[in-house]
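Taking it in order: structure first as structure tokens, then the write-up.
Nothing in this text is a laboratory measurement; each read-out follows from the coordinates by a stated rule. This is a predicted model, so every value here is computed, not measured. Note: ideal-geometry Cβ built from the backbone for every residue, glycine included; neighbour counts use all protein chains shown.
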């Protein structure tokens, strides 16, 4: 990297004279007119300048960054121009990351609660005390409930999360719950029901793109948000369907304010047109798919005229879009997107999308929807002890638990069926289902859960129906939160452990799947500023203290304990994390060094990977081994094997609006709003209300209103706009914080968790965030 | 060798309104957090049309580095000056904070900086450019709305953009001859 | 030595007849408030104390600066008429004219000194790095020279050895010329702002000079009425009469100029100039404009002057008072109106916040305190002089 500092100024020697110098001090150079081109442009302090490659952690994307460090202080985070995933970009959040280590609001030392929960009285303690305290509480909980699953562990994705699971598995609880069911579980489930996996879209080569409910211009995903405008091929057509005129809608060739939760009808009608007019890819369908005849039969009734009534998009337009889509196939994309925690039966919506891609052969080829490729890393083959006192997940018997969170209106037409009948529907057990899990904890059924650990997740703000979350927290004997800042969840903890920022820590290597697979890791850009630790160190610290308490190990074989001490503690946690990383990368000579230098590693020069599944005889992850247009497993479980159209929930009363949620490009969920550089872009959220409706309600732009659902009520500013359907309202997440530790956004704006009803998607266990109806009144 | 003539060409059709550039600029140039302290901005131009027929453009902008330079003309102490490449800069040590330049600027591109105790504005990141790097706003943009380069080099990206696409400039009626070009 | 002291003593006496004490006291109180303002600026910084913004960078202090210095050059103009052009009726006023002009100019300098972020930098940069095409440089030069001329004039007039009338006449003439240059150039300080077409053209340089002369006349009429407790002696009648006529003439010209300025800014709706005039006619500055500018600075004083037929000195003093109050609004509106049309519309993301499409500005308490500094300095110094100096010059 370029370390040279330009210093061409001060060309005036000392010879000009001490007298003038004494008179004019720093303005000495003014005595002579500076010749052109001699102005010194440098603005950085003189001294040592370093450029350190790492990766961002402001959201899930993990874009390549290069920290610009001047005399040990982080001046700026620059994008890594070479990173094939982030394509040399860095968004507002990524840039604002440079403020995080220096934030006065950051957690600097372990804090032990001294007052009542939520009162905000804390005592600073040492890490030693903290580790002892946590281990003792774990031992007490185990002793009291004789069930290791009585302690639940929540977390969200991130490079350090795997070390959190070292703690989880060392204690032996099966009750873990992750972010997935708040985000994209329906998407993964729906697409996987057809293709056996959740694919990416090749926006850089697609000629025709349909985006339904994805705002790629604001909810940034790399490389999609980059390719979306920067690398799109000339003439690419973009059709956007969204109840809001988003920034993505503003980029569209055509934007349709589709009636919420009728996307499925729109795509079914496209399928109707494509199949009835023989526009589908016959060869692909015959070679790779299963169940085309059943599909053909089902979509007969879904004419564009039928769909027009449902989704309020003219039948002729649907016909035209269907034909254009088929015409451009396979370089046509029906965009999977990311968050899909939208509506009940969302899985069927996503299944329908996937079927459209399948019948047109828009799969695993340039410009289509493409399965994620990945660069496999070497994992540490370790066995955690088998604990006697570990009970099955608390939400195992989901069918009985979730009756209350599946409204009767959406149980029809398949009442009694489709409810999850294993621990958490079809997603991985590790992910859990937040709503189902919380129901189980609240009901103490079949056993009490009384300990709660939370790593970088913020359920108080993130999980719909905060009243239930608060009740759940109240039940807990012990709450431990591992965080960078005093989040709303941390505010209610008994002990808060300060996690190092991503700019100060080593994070293990991760393989990020995609069309452009990549391996990334993190190295410290600056030295740690405070007494914080990473999850790797925290797990190690707690586990060491746990090992000092014999009662924590009385339900395992002594030989298991010895193996555990050797394989987990001595060989991994007690060693430098760099050893762990080197082991991960052991298959790839030079990868570690490249990661240190460039921040990322690719094989094959980072070229896109197409066609791995387009081989006769390739076995897709499905019952038939084919791309299932007709899902055999769903049939077994009593679900619709074909995505029959499901009616959306309707408002109970006139005057109710459907509440929608979404994101801006300058914030991630509930974690970044307090960053001064992002806060100044948006200091509070405001509720989008259609101009006509606002007029009816007598509400002016900028005026405060009360928004009320059956869950709760919030006060928020109105943003009166033409950019939203009259039957919907919308605001972004992450405001109206309960924690004074988020000083800038404490109580400013409205929280979503206070409004959104906890409606469950029964197949994926995902939450349905767009199934809440609200009223708006002047505040 | 011919002198360089630096310019920025913007293709705003691509702009996502993501504000990456504005935040990058603040860090790069020590611009403090504050509602009035910013060198660059991304304006959401007024929404056109009525629901459901809508259109909206986003317009990032900054100091126009005018060839006919209103701020430089009224600066009493030559604090504001032009480099040989046509970049308009402020020598903070010469600024007396009379704010005539702020009042003269038709683009509202200048503000009082507490960091420099002077009036400041976009510098085209000349401290980076002089090291062969791109301005921060150009570099960080996800979709590369801005291109920076030399108008006198016919092969530069800015020259090629301007020779291949129609463009406009802001407030042509002021006859300021900006070095910011918006391709259409 | 002793003769010199005697000579100096000959200039000084305690004028118990002049009602100076209340003004000195008021001036002192205002000065104290002003110094508190200065302290606030030093400790909290300009940005924190002043109400000016990124979009309206010039506010009350530029207005009060203009208010003082233009009035000062108006006084110098009248003084020059007396000294250099043989308007003998003004000769008897010369001491007060020069003293007033000097003190009012000093008051003006306090305003610009506190307005500038780096006033001391300006002093040496005007020598080291002057940009001669910038009107502010000439403003600095002209007003600097004006202050020097007035200072010299004071020395000449208050020479214990007697006034050198020839030198005084030359200096008076120079003060007139430099004053006119300074004030018309001040108009161009605004007229040179590309962004602000409201200030462009010949109107403001002309208007400022004419209104300055009217202001000088108004101040003299007011001061003589105060000093002589609304019973101005016969010897000044002719001078007062001429001042009234001069003021009336100037106000008439101002009405003429303003009328066409407004009309020409309305008819073709020339963008920002139009918007600026609308802020005056029916926008946020309408009360300032109609009550302050039109009623108090133009209609009322002109009506009073006409009623008095330039004979009723008391009425003329009242006209002077209303004019000076009205002129304060006139200067304020002149500065602010031109800056209210935003350079960028207040769209989301622009960073610009507009109210009804316009920028907004309200002077802060700190800015008022700095104005009090200038006003207090004027009252304090001038009435101290009235109390202790012999200002009734013998006619020459």
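Between residue A:42 and residue A:121, what FRET efficiency follows from the Cβ-Cβ distance if R0 is 60 Å, with the result rounded to 0.05? Efficiency, rounded to the nearest 0.05: 0.80. Between 0 and 90 degrees, the angle of helix C:313-337 with respect to the longest Cα principal axis of chain C falls at about 30 degrees. Here the scattering of the stretch A:49-99 is modelled by Debye summation over its C-alpha atoms, one equal scatterer each and no solvent; at q = 0.17, 0.30 Å⁻¹ the log10 of I(q)/I(0) is -0.42, -1.15. If you take the square roots of the eigenvalues of the alpha-carbon gyration tensor of the stretch A:298-349 and sort them as a ≥ b ≥ c, do you get rounded (a/c under 1.5), prolate (a/b over b/c) or oblate? Oblate, since a/c reaches 1.5 and b/c is not below a/b.
With the cut-off at 63 Å, report for the protein assembly as shown the share of all Cα pairs above it, as a whole percent. Tail of the P(r) past 63 Å holds 26 percent of the pairs.
With a 10 Å Cβ neighbour count serving as the proxy for reagent exposure, in which order, fewest first, do C:115, A:247, C:348 appear?
Exposure proxy ranking, most exposed first: C:348, A:247, C:115.
Normalising the average separation of contacting C-alpha pairs (under 8 angstrom, six or more residues apart) by the number of residues puts the relative contact order of the stretch A:657-778 at 35 percent. Only Cα pairs under 8 Å and 6+ residues apart enter the sum, and on that basis the relative contact order of chain A stands at 19 percent.
Can you give the convex hull volume of the alpha carbon atoms of chain C per residue, in Å³? Write down the numbers at each step before the final one.
On the way: hull volume 58.9 nm³, N = 396.
Output value, Cα hull per residue: 149 Å³.
Within a 10 angstrom radius of the beta carbon, how do A:242, C:17 rank from fewest other beta carbons to most?
With the sparsest Cβ surroundings first, the list reads C:17, A:242.
With contributions of -39500 (n - 2.57) from each DSSP H run of at least four residues, the per-residue ellipticity at 222 nm computed over chain A stands at -7500 deg cm²/dmol.
Based on the mean of other beta carbon atoms within 10 Å per residue, what is the order of A:601-609, A:266-274, most packed first? Mind showing how you got there, number by number?
Details: A:601-609: 15.3, A:266-274: 26.9.
Result, highest mean first: A:266-274, A:601-609.
What FRET efficiency would be calculated for the residue pair residue A:683, residue C:28, taking the C-beta separation as r and a Förster radius of 45 Å, to the nearest 0.05?
Values: r = 45 Å, r/R0 = 1.00.
Taking R0 as 45 Å, the efficiency between residue A:683 and residue C:28 is 0.50.
Over the stretch C:136-264, with a single point scatterer placed on each C-alpha, what log10 of the ratio I(q)/I(0) does the Debye formula yield at q = 0.17, 0.20, 0.23 1/Å? Debye output, listed in q order: -1.06, -1.22, -1.28. For the stretch A:657-778, the share of DSSP beta bridges that are antiparallel, to the nearest 5, is 60%.
Let me know the shape class of the stretch A:638-779, please: from the alpha-carbon gyration tensor, a ≥ b ≥ c as square roots of the eigenvalues, rounded when a/c is under 1.5, otherwise prolate if a/b is greater than b/c, or oblate. Provide the component values of the computation, followed by the final result.
Values: a/c = 2.04, a/b = 1.29, b/c = 1.58.
In terms of gyration-tensor shape, oblate.
Exposure proxy ranking for C:118, A:380, C:46, based on other Cβ atoms within 10 angstrom of each Cβ and starting from the fewest, stands as A:380, C:118, C:46. Our summary gives the stretch B:6-183 a relative contact order of 31 percent, counting only alpha carbon pairs under 8 angstrom and 6 or more residues apart.
Treating each Cα of chain B as an identical point scatterer and summing with the Debye formula, the log10 of I(q)/I(0) at q = 0.17 Å⁻¹ comes to -1.15. Computed from label points 7 Å out along Cα-Cβ, the spacing between residue A:618 and residue C:228 is 10.8 nm.
Among C:79, C:108, C:162, the largest mean-square fluctuation in a Gaussian network model of chain C (Cα springs under 10 Å) belongs to C:162. Go ahead and set up a Gaussian network model of chain C, Cα springs under 10 Å, then flag whichever of C:13, C:311, C:96 fluctuates most. Most flexible of the set in this elastic network: C:13.
Considering only C:61, C:75, C:33, the Gaussian network model of chain C with Cα springs below 10 Å gives its largest mean-square fluctuation to C:33. Rounded to the nearest 5, what is the percent of antiparallel bridges among the DSSP beta bridges in chain A? Antiparallel bridges: around 50 percent, rounded to the nearest 5. What does a probe at residue A:471 reach in the stretch A:449-464, counting residues whose amide N is under 18 Å from the point 7 Å along Cα→Cβ? Those under the cut-off are A:449-451, A:459-464.
Measuring r between the beta carbons of residue A:555 and residue A:593 and using R0 = 41 Å, the FRET efficiency lands at 0.40.
Antiparallel beta bridges, as assigned by DSSP with both residues in the protein assembly as shown, represent about 60 percent of the total such bridges. Helix C:365-388 and the longest principal axis of the C-alpha atoms of chain C enclose an angle of approximately 10°. Note on the stretch A:82-107 and the stretch A:728-779: Cα centroid distance 26 Å, given to the nearest whole angstrom.
Per DSSP H run of at least 4 residues, take -39500 (n - 2.57); add these up for chain B, divide by its residues and hand me the 222 nm value, nearest 500 deg cm²/dmol. Don't skip to the end; give the middle numbers.
Numbers: 6 runs with 36 residues, N = 184.
Only helices count here, giving -4500 deg cm²/dmol.
Only DSSP H runs of four or more residues enter the estimate; each adds -39500 (n - 2.57), and after division by the residues of chain C the mean residue ellipticity at 222 nm equals -23000 deg cm²/dmol.
Both the radius of gyration and Dmax for chain A are 27.7, 97 Å, in that order, over alpha-carbon atoms.
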